[in-house]
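One structure below.
The values are calculated or read from the model by the stated rules, or taken from the named source; none is laboratory data. Computed from a prediction, not measured in an experiment: that's the story for all the values here. For neighbour counting, all protein chains shown are included, and Cβ atoms are generated from backbone atoms with ideal geometry for every residue, glycine included.
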Amino acid sequence: MFDPTVDLKEQMVEHRRTQILLGAAKVFAEKGYHKATTKEIAQAAGVSEGTIYNYFDNKRELLLAMIELLALQSLKSIINTQPPADPKEFITIILRDRYQLAQERGYLIMPILAEMFTDAELRQEVYQKLAMPVAGFLERYIQTHIDSGMFRPVNPVIATRVFIGSIVVNFAMKLANLDARYEDISPDALIEELASLFMDMLLNPERANEK
């Protein structure tokens, strides 16, 4: 029998969970992961400290959930849908999503990513639990197009990291004002250039000439 209260309860749980994660993001960005306390996170989220433990077993679990929410949720939504037939269109969608993320939430995520470089255990956990599922999808996507003959026979593991690295470096240059030359490049132009360069790297010349 349909229970109309179930969806409402789930929505309330998800809302509270998101509330806690956004509070955690704020505290982690200001104080760093290791110095932040659950008491401070609770204050920032507007909940009791005990409420946090109703949703998360410890601070490490809270951090992983926060990164997934802020950095990967929208990307997972993209890769879980049917990709467009045109690979460049698909790559452009990913690039736009990542640019919007960096623009809107980069100030929350970057301090945590920086801290990960000093914590090998945390770095490995984030990589294996959060980054690898997404990277693995991109690797399989590239391999599928290699098998079809559309892409040249590159190493999909390396190609995926080239793609990720180009996003991180170029978006940082643009949004963090690290290189003044990026000021004259619009976000749309930057995304188009990156998508074109990546496709130039991947496309099988014989298939490209068929178009």
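The residues listed here are Ile78, Ile91, Ile20; of these, the one that is surrounded by 13 or more Cβ atoms within 10 Å (Cβ to Cβ), at pLDDT below 95 and under 30 Å from Gly149 (Cα atoms) is Ile78. Here Lys39 meets the list (1) assigned by TED's automatic domain parsing to the domain that holds Leu202; (2) assigned to a helix (DSSP H, G or I); (3) modelled with pLDDT of 90 or more almost entirely, failing just condition (1).
Which one is surrounded by the fewest Cβ atoms within 10 Å (Cβ to Cβ), of the residues in segment 167-184 that are touching a helix residue (DSSP H, G or I) at 6+ places or on another chain (Cβ under 9 Å) and farther than 20 Å from Glu104 by Cβ? If we take residues in segment 167-184 being touching a helix residue (DSSP H, G or I) at 6+ places or on another chain (Cβ under 9 Å) and farther than 20 Å from Glu104 by Cβ, then Arg181 is surrounded by the fewest Cβ atoms within 10 Å (Cβ to Cβ).
Pairs only if they're at least six apart or on different chains, beta carbon under 7 angstrom, first in segment 150-161 and assigned by TED's automatic domain parsing to the domain that holds Glu206, second assigned to a loop (DSSP other than H, G, I, E, B) and crowded, with 16+ Cβ neighbours inside 10 Å; list them, first residue then second. Here the result reads Met150/Asn204; Phe151/Asn204; Arg152/Asn204, each pair linking segment 150-161 to a residue that is assigned to a loop (DSSP other than H, G, I, E, B) and crowded, with 16+ Cβ neighbours inside 10 Å.
Pairs meeting the criteria (first residue in segment 124-135 and more than 13 Å from Ile164 (Cβ to Cβ), second residue loosely packed, with under 12 Cβ neighbours inside 10 Å and polar (S, T, N, Q), beta carbons under 7 Å, at least 6 apart or on different chains) are lacking.
Inside segment 147-166, residues that are assigned to a helix (DSSP H, G or I) and buried (at least 18 other Cβ atoms within 10 Å of the Cβ) make up a count of 4. The residue list Ile191, Ile185 contains one member that is under 15 Å from Asp97 (Cα atoms) and not hydroxyl-bearing (Ser, Thr, Tyr), which is Ile191.
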